[in-house]
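Peer 1: Let me give you the structure first, and then I'll get to my questions.
Each reported figure results from applying straightforward, stated rules to the coordinates on display, with no laboratory input. These figures come from a predicted structure and were not determined experimentally. In this analysis, Cβ positions are derived from the backbone assuming ideal geometry, glycine residues included, and neighbour counts consider all displayed protein chains.
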């Protein structure tokens, strides 16, 4: 039996890449887990936007202006502050009017963010990135009881 230990695969392992004819080490793509990101400001991502329901293209001009103002305001705060804002809360996805897209893990916590009046955005957090899933202009994803 060999005395050498097998290396365990690294989560997020990337194949070797080339840049300018030089090989980039796969380790260069690994980002260390530095603990909590509550001291950081949120970054908003559209990578997980649902292509089938509650799309941004449904919103009107005034709603889009309110959305931009909300995103700008939230970007100036830290995650620790966002949790204290009345219009920003985690919600139970089992009560939604439609299922989460299949590419969203059922294990993630879904957050609702009030934009204005009835308008909301829904998404999930990955470190300091808020990945928007739905743009709900009529409070239909998580109806008021």
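Peer 1: Fully extended, how many nm does the chain gain between residue 65 and residue 85 (0.36 nm per residue separation, minus their Cα-Cα distance)?
Peer 2: Values: separation 20, 0.36 × 20 = 7.20 nm, distance 2.01 nm.
Result for the pair: 5.2 nm of gain on full extension.
Peer 1: Arrange the peptides 126-138, 91-103, 107-119 so that the one whose residues have, on average, the most other Cβ atoms within 10 Å appears first.
Peer 2: Values: 126-138: 19.5, 91-103: 12.6, 107-119: 16.3.
Per-residue mean Cβ counts within 10 Å order the peptides as 126-138, 107-119, 91-103.
Peer 1: Taking 0.36 nm per residue of sequence separation and subtracting the Cα-Cα distance, how much length would be gained by fully extending the chain between residue 105 and residue 46, in nm to one decimal? Don't jump to the answer; show the numbers that get you there.
Peer 2: Working: separation 59, 0.36 × 59 = 21.24 nm, distance 1.62 nm.
Between residue 105 and residue 46, full extension yields 19.6 nm more.
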